[in-house]
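The values are calculated or read from the model by the stated rules, or taken from the named source; none is laboratory data. Predicted model only: the values in this text are computed from it and were never measured. Every residue, glycine among them, receives a Cβ derived from its backbone with ideal geometry; neighbour counts consider all protein chains shown.
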């Protein structure tokens, strides 16, 4: 495949690193209820660290995409497929920002946040969002509940968008005969 039909190495690396981290994070949080009690807090802390890392990598990916034009879609894609692909990618970026941001806000509204500093992979303390920490206790507890719901629902939206993204790529590769996967494979 000619290089101008492929994404850049940086875009490919960011795509797969973010995807892998998100899959690990989903598996981690969905299985946390099966862990022994003394593993739960470290698992949740790891989930938070991965989420913050994903947030940073997604911002980096958006900046990369804004400064490096992605390869053109194959000419065989119809108008609606192009619109759908752009809409799905835009929605994925939005959810990849909303999910870790809502988690960070949710964690900042946790009633015990002040006495349990958040560590990024145990390396250093990661700040919580100050204006949320300063809210009156009852309002903060309500906000914690609301943000937990937002975070959960953003996760469900991610599952749907991920499925659409995967189905679209596989459809183009195997039904349409386009070299779609090769555009993003290392």
So which residues in region 71-87 are surrounded by fewer than 16 Cβ atoms within 10 Å (Cβ to Cβ) and either in a helix (DSSP H, G or I) or within 20 Å of the chain's Cα centre (by Cα) (or both)?
79, 80, 82, 83, 84, 86, 87
For residue 129, the lone unmet condition from (1) modelled with pLDDT under 95; (2) under 22 Å from residue 48 (Cα atoms) is (1)
When restricted to 41, 61, 6, the only residue modelled with pLDDT under 95 and within 26 Å of residue 182 (Cβ to Cβ) is 6
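Give the residue that is surrounded by the most Cβ atoms within 10 Å (Cβ to Cβ), with candidates limited to residues of region 94-121 that are closer than 24 Å to residue 60 by Cβ and free of Cβ contacts under 8 Å to residues at least 40 places away in the same chain.
Ranking the candidates gives 108 first.
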Failed condition for residue 119, given (1) farther than 30 Å from residue 5 by Cβ; (2) under 20 Å from the mean Cα position of the chain (by Cα); (3) in a helix (DSSP H, G or I), with all others met?
(3)
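Determine, yes or no, whether residue 178 is under 19 Å from residue 12 (Cα atoms) and surrounded by 15 or more Cβ atoms within 10 Å (Cβ to Cβ).
Details: under 19 Å from residue 12 (Cα atoms): yes; surrounded by 15 or more Cβ atoms within 10 Å (Cβ to Cβ): yes.
So residue 178 passes the test.
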Restricting to region 141-175, name every residue that is surrounded by 14 or more Cβ atoms within 10 Å (Cβ to Cβ) and farther than 30 Å from residue 106 by Cα.
168, 169, 172, 173
